[in-house]
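These notes concern the structure reproduced below.
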Amino acid sequence: MELKFDSCSSLSDVNQSGSIDIKDFDLAVERICEARGWAAGHPRFKQTKETLNKVWDGLQKRADADNDGQISRDEWYSMWEEYAKDPDHAVEWQQTYMNLVFDLEDTSGDGSIDEAEFSQVCRSYGVDESESREAFKKLQVGNEVTRDKFEKLWQQFFSTDDPSTPGNFIFGKTSY
């Protein structure tokens, strides 16, 4: 599971500094909104910023054990290990984060993620298109992922060591 958590951490460490801090979340807002064409005054820009700030606040409270304003690799891993013990009872920021990821992948806004949407978003954070399309098939969801299915896959990603579990592929990678 450590390699999965590392890969998820690298998605959150947007500026590649080696730890996660508020600067990563600010940069994520810029990149997400730029990719969607949402300028600073756009309502979705404001919503994305508010949501990611809420996620950062919750993450920092939960994981920043030494209160230095940064989440180290060890703090990140420890926090997700704790979540894995009881994924059915995620804290509010984790649920908010999961919903944000779903909403960003559901680019059409129709309440489900299809293979094209999935691979497009995965490409935006550096996953090869062919790998992300293969990962989508491994999710074992047919042609689309609904929010309910996504939540189950999310829980699987963070709570299992079994490499064949479908949830392992929600970030578009086929191996860790």
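The values are calculated or read from the model by the stated rules, or taken from the named source; none is laboratory data. Nothing here was measured: the structure is a model prediction, and the numbers come from that model. Because the Cβ atoms are built from the backbone with ideal geometry, glycine has one as well, and the counts that use them run over all protein chains shown.
Worth a mention:
- Close pairs (8 angstrom Cβ cut-off, 6 or more residues apart or separate chains): part of a loop (DSSP other than H, G, I, E, B) in the range 19-35, surrounded by 14 or more Cβ atoms within 10 Å (Cβ to Cβ) and among the hydroxyl-bearing types (Ser, Thr, Tyr) anywhere: SER19/SER72
- Filtered residues of the range 137-152 (kept if closer than 21 Å to HIS89 by Cβ, out of contact with any strand residue (DSSP E or B) (no Cβ under 9 Å at 6 or more places or on another chain) and surrounded by 14 or more Cβ atoms within 10 Å (Cβ to Cβ)): GLU151, LYS152
- Selection count, the range 106-141, where residues are at pLDDT below 90 and assigned to a helix (DSSP H, G or I): 5
- Single residue of the range 56-90 satisfying the filter (buried (at least 16 other Cβ atoms within 10 Å of the Cβ) and charged (D, E, K, R)) that is nearest to ARG31 (Cα to Cα): ARG73
- Of the residues ASP103, ASP86, the single one that is within 18 Å of GLY58 (Cβ to Cβ), more than 14 Å from the chain's Cα centre (by Cα) and of a type outside the set (Phe, Trp, Tyr) is ASP86.
- Single residue of the range 28-48 satisfying the filter (touching a Cys at 6+ places or on another chain (Cβ under 8 Å) and surrounded by 13 or more Cβ atoms within 10 Å (Cβ to Cβ)) that is farthest from ASN15 (Cα to Cα): HIS42
- PHE102 of a type in the set (Phe, Trp, Tyr), more than 22 Å from ASN53 (Cα to Cα) and part of a helix (DSSP H, G or I): no
- Scanning the range 91-101 finds no residues that are crowded, with 17+ Cβ neighbours inside 10 Å and of a type in the set (D, E, K, R).
- Among the residues of the range 40-80, just one is part of a helix (DSSP H, G or I), touching a residue at least 24 places away in the same chain (Cβ under 8 Å) and of a type in the set (Gly, Ala, Ser), namely GLY58.
- Among the residues examined, PHE45 does not qualify as more than 29 Å from VAL141 (Cα to Cα), under 13 Å from the mean Cα position of the chain (by Cα) and at pLDDT 85 or above.
- Any hit, the range 163-176, residues being of a type in the set (Ser, Thr, Tyr) and touching a Leu at 6+ places or on another chain (Cβ under 6 Å): yes
- Among the residues of the range 118-136, those that are surrounded by fewer than 20 Cβ atoms within 10 Å (Cβ to Cβ) and either in contact (Cβ under 8 Å) with a residue 12 or more places away in the chain or under 15 Å from the mean Cα position of the chain (by Cα) (or both) comprise GLN120, ARG123, SER124, TYR125, GLY126, GLU131, ARG133, GLU134.
- Some residue of the range 1-19 being at pLDDT below 90 and over 17 Å from the mean Cα position of the chain (by Cα): yes
- Residues that are crowded, with 16+ Cβ neighbours inside 10 Å and either among the aromatic types (Phe, Trp, Tyr) or in contact with a Ser or Thr (Cβ under 8 Å, 6 or more places away or on another chain) (or both), drawn from the range 102-112: PHE102, ASP106, SER112
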